[in-house]
1. Give the residue that is surrounded by the most Cβ atoms within 10 Å (Cβ to Cβ), with candidates limited to residues of region 67-94 that are over 16 Å from the mean Cα position of the chain (by Cα) and part of a loop (DSSP other than H, G, I, E, B).
2. What single numbered condition from (1) over 18 Å from Val5 (Cα atoms); (2) at pLDDT 90 or above; (3) in a strand (DSSP E or B) fails to hold for Tyr121?
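The values are calculated or read from the model by the stated rules, or taken from the named source; none is laboratory data. What you are looking at is a predicted structure, and each value in this text was computed from that prediction instead of being measured. Neighbour counts run over all protein chains shown; Cβ positions are idealised from the backbone, glycine included.
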Amino acid sequence: MATLVQYKDGVAGIRLQIDKPRFRIGRGPDNEISIDDELVSIVHAVIEIIQNDTENVEYYLQDQQSTNGTFVNDKKISLYKLANEDVIRIGLNNFKFIDDHSQDMEETAQLHNTWIPGVYYTGKKKKKKKKTQTKKK
């Protein structure tokens, strides 16, 4: 499931789960997210959930011909496939899109042993830098 996190002055605020196939954002009281901002249209944008198969879910943000536009990562959009950590701007409001299913599977699939029996870690091992010798004149 995905979540929108509202940000104000760089600080995370309200967390809103996207739990419906069609999730409306706007100034009107009937929206799933109702924003009290004169720059926001009554129905400003919609997030639609498209389920391709049992595990693959995609989220699309579509501007609803709003007066002031919908922005993702500071680019004006009309239809946009959301990715984890995209920043959505509607009016003066910023939301970070968090997709809980977008974990980097390659990184989490690799377990590495430690010198402690039964203790493992995920991720890549850091390479040691070779020291270079400098000759003094």
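1. Among those residues, the one meeting the criterion is Gly91.
2. Failing condition for Tyr121: (2).
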